[in-house]
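K.L.:
The structure follows.
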Amino acid sequence: MRTMTFRATAAAAAVVLAGSLAACGGGDDSGSEPEVNTDAEFEAGTKMAEIQEAGTIKIGTKFDQPGFGLQNLEGVPEGFDVEVAKIVAGAMGVEPDSIEWVETTSDIRESSIENEDVDMVVATYTINDERKERISFAGPYYVAGQTLMTLADEDAISGPEDIASNPDMKVCSVTGSTPSVNIEEYLASPDQLVLFDVYDKCADALSNGQVDIVTTDNVILAGFVGESDGEFKLVGDTFTEEPYGIGIPKGDVAFCEFINETLAENEDAYTTAWEETAGQVEGTEVPELPEADACS
């Protein structure tokens, strides 16, 4: 597992584009850091008090998803998830350069929280009942939808319903992800599904002809399309609803409520975070912060 501690400068936090999301690894000085509340006070014994006293926080995120969590050429993760996480960390008095980012792939998100490898996970993490048996969620802070990505010249697939009628085609997703489960009902057989640990391996497999389709959430795939210089395209409409939450230890209601209140009180920062990251992808719209679920 890769970890790092660094100063997440404004230039690194911004995703650089030319009409759509380009490969990360540089930036201008237009980004902005979230406010750090150095005067925050918390009840003793809470997760917030623990993090504030330590002056640091371990946050799990993805390192392979353009617009949400992607390592740039300097090894710095950047994207909407990263910026949302920094808003929460800042409300506990943690400076951006005191955040320890931990690569947390889909298949290890629950175990990373249970084993205390991270304090929270912000990683395109769909809230569902199965996951709530092991961890708790704050949020949702964004609602995505699953869709498909193919090569630009592919004309046999217009939506998930076409997959079963093309049984020789391979569909790629990620182990432990909601999309990998959702797509199963559209397959002619389980042999059509190819699973990797990260989505950039799916994109590579699509490019070199090992698979024909990649499926995950629309905003993630839009980032890969934007980086592909016309090689990839999105296909059809979204066919699921994926509410993204922030994963935290099971039953920590106080931490959950703090995160929800923090995001509700920082909607301007939330909007800026979107505009400087995932919002740079052509065709995306600024989301409204969803109403938070009850904490439990």
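K.L.:
Quick check on region 43-63. Is at least one of its residues surrounded by 22 or more Cβ atoms within 10 Å (Cβ to Cβ), farther than 17 Å from Gly247 by Cβ and in contact with a Ser or Thr (Cβ under 7 Å, 6 or more places away or on another chain)?
P.N.:
There is no residue in region 43-63 that is surrounded by 22 or more Cβ atoms within 10 Å (Cβ to Cβ), farther than 17 Å from Gly247 by Cβ and in contact with a Ser or Thr (Cβ under 7 Å, 6 or more places away or on another chain).
K.L.:
Within region 183-204, how many residues turn out to be under 18 Å from Thr105 (Cα atoms) and not in a strand (DSSP E or B)?
P.N.:
Step one: of region 183-204, the residues under 18 Å from Thr105 (Cα atoms) are 194-204.
Now narrow it down to the ones that are not in a strand (DSSP E or B): 197-204.
The total comes to 8.
K.L.:
I want to confirm something. Restricting to region 265-290 and keeping residues that are surrounded by fewer than 16 Cβ atoms within 10 Å (Cβ to Cβ) and touching a helix residue (DSSP H, G or I) at 6+ places or on another chain (Cβ under 9 Å), which single residue is modelled with the lowest pLDDT?
P.N.:
Gly283
K.L.:
Pairs, please: C-beta under 8 Å, at least 6 apart or cross-chain, first residue on the phi < 0 side of the Ramachandran plot and in region 47-60, second of a type outside the set (D, E, K, R) and at pLDDT below 95?
P.N.:
Met48/Ala40; Gln52/Ala40; Thr56/Thr5; Lys58/Thr3
K.L.:
Of all residues in region 158-182, which are of a type in the set (Val, Ile, Thr) and buried (at least 21 other Cβ atoms within 10 Å of the Cβ)?
P.N.:
Within region 158-182, Ile163, Val171, Val174, Thr178 meet the criteria.
K.L.:
Which members of region 89-106 meet the condition of being within 17 Å of Phe137 (Cα to Cα) and part of a helix (DSSP H, G or I)?
P.N.:
Ala89, Ser106
K.L.:
Next question, about the same structure. Pick from Tyr270, Tyr244: which is within 18 Å of Asn128 (Cα to Cα) and either free of Cβ contacts under 8 Å to residues at least 40 places away in the same chain or among the aromatic types (Phe, Trp, Tyr) (or both)?
P.N.:
Values: Tyr270 fails: within 18 Å of Asn128 (Cα to Cα).
Just a single option satisfies the conditions, and that option is Tyr244.
K.L.:
Could I ask something else about it? Among what's in region 160-178 and is in a loop (DSSP other than H, G, I, E, B) and β-branched (Val, Ile, Thr), pick the residue that is nearest to Ala203 (Cα to Cα). Can you show your working first?
P.N.:
Pass one, region 160-178, residues in a loop (DSSP other than H, G, I, E, B): 163-170, 175-177.
Now drop any that are not β-branched (Val, Ile, Thr), which leaves 163, 175.
Working: Ile163: 18, Thr175: 15 Å.
It comes out as Thr175.
K.L.:
Condition check: charged (D, E, K, R), more than 30 Å from Asn37 (Cβ to Cβ) and loosely packed, with under 14 Cβ neighbours inside 10 Å. Does Asp212 satisfy that?
P.N.:
Values: charged (D, E, K, R): yes; more than 30 Å from Asn37 (Cβ to Cβ): yes; loosely packed, with under 14 Cβ neighbours inside 10 Å: no.
So Asp212 does not fit the description; no.
K.L.:
Checking the condition closer than 21 Å to Gln65 by Cα and surrounded by 15 or more Cβ atoms within 10 Å (Cβ to Cβ), which residue from Gly145, Gly139 passes? Walk me through how you get there before you give the answer.
P.N.:
Numbers: Gly145 fails: surrounded by 15 or more Cβ atoms within 10 Å (Cβ to Cβ).
Going through Gly145, Gly139 in turn, the sole match is Gly139.
The values are calculated or read from the model by the stated rules, or taken from the named source; none is laboratory data. Model, not experiment: these values are computed from the prediction. All Cβ positions, even for glycine, are placed from backbone atoms using ideal geometry, and neighbour counts span all protein chains on display.
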